[in-house]
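What follows is a set of notes on a single structure, which appears directly below.
The values are calculated or read from the model by the stated rules, or taken from the named source; none is laboratory data. Fair warning: this is a prediction, and the values are worked out from it, not measured in the lab. As a convention, Cβ positions derive from the backbone with ideal geometry for all residues, glycine included, and neighbour counts pool all protein chains shown. The accessibility values were calculated without ligands, DNA or RNA, using every heavy atom of the protein model including side chains. Shrake-Rupley method; radii C 1.70, N 1.55, O 1.52, S 1.80 Å.
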Amino acid sequence: MKVTPLSGFPEFLPAQRVVEREVIASLAHTFELHGFAGIETRIVEPLDRLAKGGEIDKEIYVLRRLQAEGESAAADADKQLGLHFDLTVPFARYVLEHAGHLEFPFRRYQIQPAWRGERPQEGRYRQFTQADVDIVGRDVLPFHHDVEVMRVMVDALEALPIPPVSFQFNNRKLIQGFYRGIGVPDVTAAIRTIDKLDKLPEEAVAEMLVSDAGATPEQAARCLELATIRVPDTSFVAKVRALGVTDDLLDEGLAELAAVVEGCSSVDHQSVTVEANLRIARGLDYYTGTVVEIFMAGYERLKSVGGGGRYDALATDGRATYPGVGVSFGVSRALVPLVADGVLSGTRSVPSAVLVSVADEASRPEADDIAAVLRARGIPCEVAPSAAKFGKQIRHADRRGIPYVWFATTDADGVTTHEVKDIRSGNQVPADPDSWKPPAEDLRPTIRVSTGSTNEMEQDQ
């Protein structure tokens, strides 16, 4: 029977999975270096919690049993559960549910799959993995956490073997204050409209600012003038001031954005750039201050591969409000195209660094003992599946990508000698199972990065 792949549910082959696993491990390592605790939330939430503005998103996958058992009430409850489509909604519920056991400000990272029933395309999948990092306070969360969280993600992506990324920052207070200062009637609608600049031409956005936000053509033109400011430093402050708009909220937004840009630019990163881009709006209503979008060089067609910002009301239980700031990186969104294009691959498809050969089936217990000694010392290995000729066992190791083959020979006096062969170079040397170890780069599979088009270069990360 021919199996048809399901569109929008990407699966990696073993060597490709190495890439995903190593990226996730690197992200977690950086987050933990900064003191963030890893959590994992359940994959389902009540549909009313997943609803946006009281309306159920048609892209939510609903969870229900094929055949309901027991009372109808239980079946009805199952019908009201949906798979989470991001990690923010379950995190908000998690904070409310466990607030009595958390120490605030609560520093959390979460790397988990999510599900969204949208039309599959490159970079947008029905099942995908995200990596989120957030700091949440109780009632108050000082602004310096905005700078801290953004710097954490800058460090995390700098450590990954991916193409250069650009962090493009803005501030909702800056946008709101500017629009308020020029008298735009519906500031929220104007922000949603400006957020469409990456999909629509400026002329269309200007018309929508008039029709949807109630702006005059002159006000629409000024909104677009603000959106054209994009600089790699804090010179945006003078450029905005030159537009002649005054507003207290605008002043606050300018100061905060300058602090974020300076804070994230203060460390010399090789593959991460930072910009103030005043067209970045992020249309979600819950953002209240810092906003960011992350773009990957050479893959601008994916749009952003990450984003986030400040939200002053992540959740409330009626007694306390939980403000937060966070940023998300689309692990699947970035990696699936990179793997498909051959930019990233695993150095081998199996964890084994050594294949222990078997001279004959009678000697298999001895081969198992050698493997056990190597494993006890942290060296991944496996025993040959059959006592074929050594040439065939070497070819078996080569097909699996295993770099070393171990040979043990016992003479007539019962003395066993050991040798290990690097099948890539052909070099074979004496070895002791109690002390030999492969070079660090061969111990486990890692990520291979291929760059260039005509002169392709490879390097292991």
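What residue, of 279, 319, is open to solvent by 30 Å² or more (accessible area, probe 1.4 Å), basic (Lys, Arg) and in contact with a helix residue (DSSP H, G or I) (Cβ under 8 Å, 6 or more places away or on another chain)? Reasoning before the result, please.
Details: 319 fails: in contact with a helix residue (DSSP H, G or I) (Cβ under 8 Å, 6 or more places away or on another chain).
Result of the check over 279, 319: 279.
Whether any residue in segment 130-153 is within 28 Å of residue 59 (Cβ to Cβ), open to solvent by 20 Å² or more (accessible area, probe 1.4 Å), modelled with pLDDT of 95 or more and not in a helix (DSSP H, G or I) is what I want to check.
First, pick out the residues of segment 130-153 that are within 28 Å of residue 59 (Cβ to Cβ): 130-134, 136, 149, 153.
If we keep only those that are open to solvent by 20 Å² or more (accessible area, probe 1.4 Å) too, we end up with 130.
Next, from what is left, pick out any that are modelled with pLDDT of 95 or more: 130.
Narrowing further to those that are not in a helix (DSSP H, G or I): 130.
The answer is yes, given that some residue of segment 130-153 is within 28 Å of residue 59 (Cβ to Cβ), open to solvent by 20 Å² or more (accessible area, probe 1.4 Å), modelled with pLDDT of 95 or more and not in a helix (DSSP H, G or I).
Kindly indicate whether residue 189 is more than 22 Å from residue 288 (Cα to Cα) and not in a loop (DSSP other than H, G, I, E, B). Write out each step before concluding.
Values: more than 22 Å from residue 288 (Cα to Cα): no; not in a loop (DSSP other than H, G, I, E, B): yes.
In short, no.
Testing residue 297 on (1) under 30 Å from residue 178 (Cβ atoms); (2) crowded, with 20+ Cβ neighbours inside 10 Å, one condition comes back false. Which one is that?
(2)
If I ask for residues that are crowded, with 16+ Cβ neighbours inside 10 Å and either aliphatic (A, V, I, L, M) or within 17 Å of residue 187 (Cβ to Cβ) (or both), which ones from segment 211-241 would you list?
213, 215, 219, 220, 222, 223, 224, 226, 227, 229, 237, 240
Within segment 76-109, count every residue that is charged (D, E, K, R), open to solvent by 40 Å² or more (accessible area, probe 1.4 Å), modelled with pLDDT of 95 or more and not in a loop (DSSP other than H, G, I, E, B).
2
Just the residues that are in a helix (DSSP H, G or I), touching a strand residue (DSSP E or B) at 6+ places or on another chain (Cβ under 8 Å) and closer than 13 Å to residue 280 by Cα, please, taken from segment 216-240.
Just the residues of segment 216-240 that are in a helix (DSSP H, G or I), to begin with: 217-227, 236-240.
Going one step further and asking which of them are touching a strand residue (DSSP E or B) at 6+ places or on another chain (Cβ under 8 Å), we end up with 236, 239.
Within segment 216-240, none qualify.
Under 8 Å by Cβ, and 6 or more places apart or on different chains, what pairs join a residue from segment 158-173 that is of a type in the set (A, V, I, L, M, F, W, C) with one that is assigned to a helix (DSSP H, G or I) and open to solvent by 10 Å² or more (accessible area, probe 1.4 Å)?
Sorted first by the residue in segment 158-173, then by its partner, the pairs are 159/26; 159/29; 159/30; 160/26.
If residue 295 meets every condition in (1) part of a strand (DSSP E or B); (2) under 22 Å from the mean Cα position of the chain (by Cα); (3) more than 26 Å from residue 451 (Cβ to Cβ) apart from one, which number is that one?
Of everything listed in (1) part of a strand (DSSP E or B); (2) under 22 Å from the mean Cα position of the chain (by Cα); (3) more than 26 Å from residue 451 (Cβ to Cβ), residue 295 misses just condition (3).
Select from segment 267-276 the residues that are touching a residue at least 40 places away in the same chain (Cβ under 8 Å) and either part of a loop (DSSP other than H, G, I, E, B) or out of contact with any strand residue (DSSP E or B) (no Cβ under 6 Å at 6 or more places or on another chain) (or both) and write down the one among them that is surrounded by the most Cβ atoms within 10 Å (Cβ to Cβ).
269
Condition first: touching a residue at least 24 places away in the same chain (Cβ under 8 Å), closer than 30 Å to residue 13 by Cβ, open to solvent by 50 Å² or more (accessible area, probe 1.4 Å) and assigned to a helix (DSSP H, G or I). Can you find one or more residues in segment 382-394 that meet it?
Initially, segment 382-394 is screened for residues touching a residue at least 24 places away in the same chain (Cβ under 8 Å), giving 382-384, 386-387, 390, 393-394.
Restricting the remaining residues to those that are closer than 30 Å to residue 13 by Cβ gives 382-384, 386-387, 390, 393-394.
Next cut, open to solvent by 50 Å² or more (accessible area, probe 1.4 Å) only: 386, 390.
Add one more test, that the residue is assigned to a helix (DSSP H, G or I), and what stays is 390.
Yes, there is a match, as at least one residue in segment 382-394 is touching a residue at least 24 places away in the same chain (Cβ under 8 Å), closer than 30 Å to residue 13 by Cβ, open to solvent by 50 Å² or more (accessible area, probe 1.4 Å) and assigned to a helix (DSSP H, G or I).
Restricted to segment 248-282, and to residues that are acidic (Asp, Glu) and over 15 Å from residue 155 (Cα atoms), which residue is farthest from the chain's Cα centre (by Cα)? Talk me through it step by step, then tell me what you get.
Just the residues of segment 248-282 that are acidic (Asp, Glu), to begin with: 248, 251-252, 256, 262, 268, 275.
From what's left, over 15 Å from residue 155 (Cα atoms): 248, 251-252, 256, 275.
Numbers: 248: 36, 251: 33, 252: 30, 256: 25, 275: 20 Å.
Checking each candidate, the answer is 248.
So the check is Cβ under 7 Å with 6+ separation or different chains; which pairs have a first residue in segment 232-257 that's within 14 Å of residue 179 (Cα to Cα) and a second one that's open to solvent by less than 40 Å² (accessible area, probe 1.4 Å) and part of a loop (DSSP other than H, G, I, E, B)?
Cβ pairs passing all conditions: 240/229.
What's the number of the only condition in (1) open to solvent by 60 Å² or more (accessible area, probe 1.4 Å); (2) more than 29 Å from residue 237 (Cβ to Cβ); (3) touching a residue at least 12 places away in the same chain (Cβ under 8 Å); (4) not in a helix (DSSP H, G or I) that residue 368 fails to meet?
With (1) open to solvent by 60 Å² or more (accessible area, probe 1.4 Å); (2) more than 29 Å from residue 237 (Cβ to Cβ); (3) touching a residue at least 12 places away in the same chain (Cβ under 8 Å); (4) not in a helix (DSSP H, G or I) applied to residue 368, the lone miss is (4).
Condition first: assigned to a loop (DSSP other than H, G, I, E, B) and farther than 23 Å from residue 231 by Cα. Now tell me which residues in segment 158-186 satisfy that.
Those that are assigned to a loop (DSSP other than H, G, I, E, B) and farther than 23 Å from residue 231 by Cα: 159, 160, 161, 162, 183, 184, 185, 186.
Would you point out the residue of segment 310-323, among those that are assigned to a strand (DSSP E or B) and either of a type in the set (A, V, I, L, M) or closer than 14 Å to residue 87 by Cα (or both), that is modelled with the lowest pLDDT? Give the derivation first.
Looking only at segment 310-323, we keep the residues that are assigned to a strand (DSSP E or B), and these are 310-316, 321-323.
Right, trim to either of a type in the set (A, V, I, L, M) or closer than 14 Å to residue 87 by Cα (or both) and you get 313-315.
On the way: 313: 89, 314: 83, 315: 88.
Per the criteria, the residue is 314.
Kindly check whether there is at least one residue in segment 401-415 that is modelled with pLDDT under 95, over 29 Å from residue 23 (Cα atoms) and either in contact with a strand residue (DSSP E or B) (Cβ under 6 Å, 6 or more places away or on another chain) or open to solvent by less than 40 Å² (accessible area, probe 1.4 Å) (or both).
Yes, the conditions are met somewhere in segment 401-415.
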